Amino acid sequence: MKLLSRPDELRQALGPLAIFAILLALISVAVPEFLGGGGPSIIAQQATPILLVALGQCVVLCIGSIDLSNAAIALFASILAALTLGPLGAAAPVFCLIVVTLIGVANGLVLVYTQIPSFALTLGTLGVMQAASLVVTGSNVVYVMDNMDVVGWLFTVQILTLPVAFWIAVVLAAALWAFLRFTVPGQGLMAIGFNERAAGLSGQPVNALKVLAFGLSGFFAGLAGLCVISISGAASSIGLGSDLLVPSIAAALVGGTAITGGVCNPLNVVFGAMFVALIPVGSAAVGVNPQAQSIVYGVVLIVAVAATMSRARHGIVK
Amino acid sequence: MTSLSETGSGGAARRRGLAARAGLAELAILLALVAIFSVLNPHAFPTLTNLNTILNNAAIPIVIGVGASLVVLTGRIDLSVEGVMGAAGMAFVLLSANSRETADIGWLAYPAALAVGAVLGGTTGAIHALAKVPSFIVSLGMWYVGLGIAAVLFGYEMIPFLGNEAAVAWPTATPLGLPNSFVLALVVVGLGWLIERYTRLGRYAYAIGNNESVARMTGIPVAGFVVAIFAFAGACSALAGVMGSLALGAGSATVGVGMLFLTLAAIVIGGTPLGGGRGGALRTVTGVLILSTLYNGLILVGVDPSIQSGVSGVVLVAAVIAAGWSQRARLRVFK
Amino acid sequence: MIQTGIPRQAPIQLDAGRDGTAPILRLSGLAKSFGPVAAVKPLTLTVGRHEVIGLIGENGAGKSTLLKLLTGVHQPDAGTFELNGRPVRLKGPQDATEHGLGIVHQEQSLFTNLSVAENIVMGAGRKGSASTRGGIYRWRALHREAAEVLARIGSTVSPATIVGDLGFAERQMVEIARTIHVACRTAERQGGAPLVILDEPTSVLEEAETAVLEHEIARLRAIGSVIFVSHRLEEVLRICTRIVVMRHGELVADRPVDGVTEADLFRLMIGKDRHARTREAVPPVTGTPVLRAEGLTRAGAFHDICLDVHPGRITAIVGTFGAGREALVRALFGAEPLDGGRLEVAGRDVVQWSPRRAIRAGLAYLPAERGVESAVGGLSAARNLTMVPQGRSWLLSPAGRRALAEEWFGRLDIRPNLPGQDLARFSGGNQQKVVLAKWLRLKPRVLILDHPLRGLDPGAGATVNACIRAAAAEGAGVLLLADTLEEALDLGHEILVMRDGEISARFDRTTDDPTTLDLLEKMV
């Protein structure tokens, strides 16, 4: 038993890093100019919004739920930022973060009060957020007119050749990791994921923790939205950031997060996000049609969940 | 604890009684909507043209709903609808006479497109049932796979327009007094009803949705039936993709956009709860008609059409909440 | 002709050949252990034709394990198993049914959304039925087929009715009909007779419904045989032709019903009637009770429960499955809602009760289903030990956790001594000790223990019992749902007996000195 579980733990701890390293190595061999020619910086830039959405998702996955709406919330946040940066200036990002965090909290409150499955609830929220994005933008592209410098530095300033936003996301991942491991609510979130009833009977505030998880998901989605606006300077309901849902879930799962709950390592999600961001480069390198990218995302998602799911505790899977 | 909750739900089932089983409440909602919008907009809403518009709009979600209801009856869910529609729709267009002159296999393009859908759906079902991965996540992945296939088929060339004018005009023609698309949808509903009522596939779907562990104990090969049901649902989505392509007169990867919300909301509001075991295709028809009437009426009243997915989302959540309200309990595990 | 559970080389010849054919069921030397616990010791049993066997025994006597062996849920460790003269190895309940052996469970296994007819025919197994051949349902033929089966057991339920609309007894009839439908067909094909097991069918039935059931059993007897499992002894005596008693995993008696009285059965179930083993002084009732319930009621589970738990004393509650004691203690802890009554903790009324509030008020609850409700597998033992949130600090202290784990691993002798290891990798007994330590370290006012020894080997059981006594000695009021009557007698200072959701008797160990028989008589 002990012998068997050791490789298991090793796989859990180092698997995501290994998968990322292998893909990176393959690409470096196939496309030698990738590493030298600013490739890492571009990958880090693309990985950042995915990583931030995935960090929120991994907290929700940690309690055994899923948030299908957070990518749409991220997009909504970017639209909101594009609209408010001009009039509000430096206060706009704060305003956006508060709004989307509250949307996440609302998700959580409805969930614990009505006890409906999270995927159904957040699917509904996804529809509402899509509609909200369309209505707020009038189905047009919204350009940031003024005060672009409030968010612009996130991707123009670089540290060690990578954009500062990426480093901020990594620091947040580390903070989230520490939160899950060294705090009472963090331990409670994991306990809910592993055994919700036992957590409740041990006095964990299950409902409050679920609201917290969805609130965090909204907050991280908001940060991702700010990154989107910082990269593109414009937002629309079909523009950059409208396609984050599957990549971000794939990033969380490749990062070793179990869809059944409890198992979650935000540090590994960093590698998961970078892996997902490498997919387009990788597919191009091996000659896959770039339009097939979403096939690759879909397949990675399915393979990642099939490979990481522990089925021991579940008799019936629906 | 279990025995308590069971007697509770049994009592509730009795209280719901015959009225709920016949779907009268949903029909009443539909009639009320018609009445309200007729009063609000007496010139544009209650006209034959508008009726045909509503029915034509309802045709595609009804066709999807027949397969998707069967999936939901088993307690599963299929989120891949829009992707399968895109892939099958593009396959259909490229295999028919079109402006790109890719290939023209004549009427065989129809079964070919359905086969694309059935294979995608069957794959979803097989991965879900054999690898024991929750259906919502497999079908979420398959959604993207389907969109990707459609995008690859679309390629970088110009939009492929369908060459067969008669076929393009067919869905909206009204030789029988109703749009052909709606008549076709009714035929599919009839087929779905026959499956649900007279075949083991359909009856076992109800059994699995009611109590899966009992179904296993009874010796029902659950995995096999689930795969078959997903394949059928894929074929339904594919047919919807073909109908959508005919309506557009061209191939598009996003032919199914917005259909997932609409269909899911319609299924739940029609009276098939996400937990499965109750409801069916006929109920979903009512659900789709409710939502189509609602959108149509709102747009005629002057509401921004872009809120459609929001309305679907709200209706979906409200219907799920209403269906599950009586099962709320302390310490209940919900994910 | 009492036969004991000692394995025999040759099965008893008595029933074989009564009809000139093999008996329906013949078990010899059948045994099953779970880890260190022998649930069914080598056991020999023969069921002939046209018999109604009453299978009785206390909770935990091994009845349910025997039934699971019979229906293929568990595989026996040893022994032979013959049905209608052929040795069989059952792969599962469905396989058992197809061999002509059907079981009707207490928890009903019907599809409530389908019609009676479908439920009956759907159980027909892989080979299907004529009315659904080719995957197409012929409804008229299906209803006819079901009506025939129902007529066979004399049921008047309409085949087209939806099962969810039926009452409990009617559902039971449908379940029996479904079971014998397959069992009879197989048995006929193989030239044998069906055997139907009814697992506590009457425990939720009204009197009139029970009468109907008795009638059905009489009809079943004409076709095959019945094993009737029940706690209601007077019913067993009335309905059965032969009675089999299990105790501690052994078959201790097997005799015809003639001349047997309820008192005889009590004695057989209990074995040697005895008083509490311990003679230590019972702590006196002092001060305010730490927990006081007045008229507690929960619809369908228990009603008008009054009890006091005093500091330093252990109150044990005994009762059969379904007597409502599990629901009661869960409600006391706030895990299930109450419909009425007053609850006081240490002299203060409680309102808006929930597990969190209960814990804050000083209650602790050890649930019976460890894997589902108390042990958080995936987290380390040390984290489980410190799972209950305490104080205002949001920060966990790894050092404090290590120190606590070291202390409690030592105190309760938890092995292996690796507090950082995933709790799921500990044995059941050690998991239970960790969960118990989680509560004991909080020094609770009231310690509610729901079957604390379930699935534990004797060594771990002794440690847990010592902990319970120590907790009481330190001033906690203990409320104990014991697995066995002996356990309740040995640990409990006061013993409450529950029957059908009510407290049917109260015993004080010093003043009343009850025996196991006294308790049992008030339970059933």
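Computed from point charges on the beta carbon alone (+1 for Lys and Arg, -1 for Asp and Glu), the dipole magnitude for the protein assembly as shown about its Cα centre is near 1280 Debye. Rounded to the nearest 10 degrees, the angle from helix C:458-473 to the longest Cα principal axis of chain C is 40 degrees.
For chain C, the mean residue ellipticity at 222 nm estimated from helices alone is -9500 deg cm²/dmol, where every DSSP H run of n ≥ 4 contributes -39500 (n - 2.57) and the total is divided by all residues, rounded to the nearest 500. Counting neighbouring beta carbons within 10 Å and listing from fewest to most, the residues C:137, B:198 come out as B:198, C:137. In region B:57-97, one over the average inverse separation of all distinct C-alpha pairs is 11.4 Å, which is the Kirkwood hydrodynamic radius. Taking a straight Cα-Cα cut-off under 12 Å and skipping sequence neighbours fewer than 8 places away in the same chain, the aspartates and glutamates within cross-link reach of residue B:335 are A:67, A:196. Other protein chain C-beta atoms within 10 Å of residue C-beta, averaged over B:209-221: 6. Phi angles of region C:229-241 translate, via the Karplus equation with coefficients 6.51, -1.76, 1.60 and θ = phi - 60°, into HN-Hα couplings of 9, 7, 9, 8, 5, 5, 5, 4, 5, 6, 8, 8, 9 Hz per residue; Gly and Pro are given as x. Dividing the summed helix terms, -39500 (n - 2.57) for each DSSP H run of n ≥ 4, by the number of residues in chain A produces a 222 nm estimate of -25000 deg cm²/dmol to the nearest 500.
Think of chain A as a dipole: +1 on every Lys or Arg Cβ, -1 on every Asp or Glu Cβ, centred on the Cα centre; then among A:71, A:113, A:92, A:113 lies furthest on the positive end.
Residue C:107 to residue B:300: FRET efficiency via 1/(1 + (r/R0)^6), r the Cβ-Cβ distance, R0 56 Å, to the nearest 0.05?
Computed FRET efficiency for residue C:107 and residue B:300: 0.55.
Once backbone amide H atoms are built at 1.01 Å from N, residue C:104 has C:197, C:198, C:199 as its partners under 5 Å, excluding neighbours fewer than 5 places away on the same chain.
Ranked by how many other Cβ atoms sit within 10 Å of their own Cβ, fewest first, the residues C:392, C:26 fall in the order C:392, C:26.
Are any of the pairs A:210/A:318; C:443/C:522; C:32/C:522; C:63/C:443; A:210/C:443 more than 27 Å apart by Cα-Cα distance, and if so, which? Beyond 27 Å: C:443/C:522; C:32/C:522; C:63/C:443; A:210/C:443. Backbone geometry of region A:260-273 corresponds, through the Karplus equation with coefficients 6.51, -1.76 and 1.60 at θ = phi - 60°, to 3J(HN,Hα) couplings of 8, x, x, 8, 7, 10, x, 4, 6, 5, 4, 5, x, 5 Hz, x marking Gly and Pro. Taking label points 7 Å from Cα along the Cα-to-Cβ direction, residue C:91 and residue A:21 give a separation of 4.6 nm. Counting DSSP beta bridges with both partners in the protein assembly as shown, what percentage is antiparallel, nearest 5? Of those bridges, close to 55 percent are antiparallel. A full extension of the chain between residue C:443 and residue C:397 corresponds to an added length of 14.6 nm, given 0.36 nm per residue minus the alpha carbon distance.
Could you list A:26, A:223, C:481 so that the one with the fewest beta carbons within 10 Å of its beta carbon is first and the one with the most is last?
Ranked by crowding around the Cβ, least crowded first: A:26, C:481, A:223.
A simple spin-label model places pseudo-atoms 7 Å from Cα toward Cβ; at residue C:357 and residue B:99 they are separated by 6.9 nm. Placing +1 on the Cβ of every Lys and Arg and -1 on the Cβ of every Asp and Glu, with no other charges, gives chain A a dipole of roughly 920 debye about its Cα centre. Report D for region B:12-327 in µm² per second (integer): Stokes-Einstein, Kirkwood Rh on Cα pairs, 25 °C, 0.890 mPa s. The estimated diffusion coefficient comes to 124 µm²/s. What you get for region B:12-327, charging only the Cβ of Lys and Arg (+1) and of Asp and Glu (-1), is a dipole of about 1300 debye around the Cα centre. Karplus-based coupling profile of region A:28-41, in residue order and whole Hz: 4, 6, 6, 10, x, 6, 4, 5, x, x, x, x, x, 5, with θ = phi - 60° in 6.51 cos²θ - 1.76 cosθ + 1.60 and x standing for Gly or Pro. For the pair residue B:131 and residue C:299, what calculated FRET efficiency results from E = 1/(1 + (r/R0)^6), where r is the Cβ-Cβ distance and R0 = 41 Å, to the nearest 0.05? Between residue C:299 and residue B:131 the formula returns 0.40. When DSSP beta bridges are restricted to pairs lying wholly in chain C, around 50% turn out antiparallel. Close amide H partners of residue C:365, meaning residues 5 or more places away or on another chain with modelled amide H under 5 Å apart, are C:448. Considering only B:243, B:29, B:312, the residue lying farthest towards the positive end of the dipole of region B:12-327 is B:29, judged by Cα position with unit charges set on Cβ. Restricting the calculation to Cα atoms, region A:10-308 yields a radius of gyration followed by a Dmax of 18.5, 57 Å. Candidates A:238, A:202, A:165 compared by Cα position along the dipole of region A:10-308: farthest toward the positive end lies A:202, with charges placed on Cβ. Taking 4.7 Å between C-beta atoms as the pairing limit, the protein assembly as shown has these partnerless cysteines: A:58, A:96, A:227, B:236, C:184, C:240, C:306, C:467.
Each value in this text was obtained by applying a stated rule to the coordinates, not by laboratory testing. Just so it is clear, the model here is predicted, and its values are computed rather than measured. Positions of Cβ are backbone-derived with ideal geometry, glycine not excepted, and every protein chain shown enters the neighbour counts.
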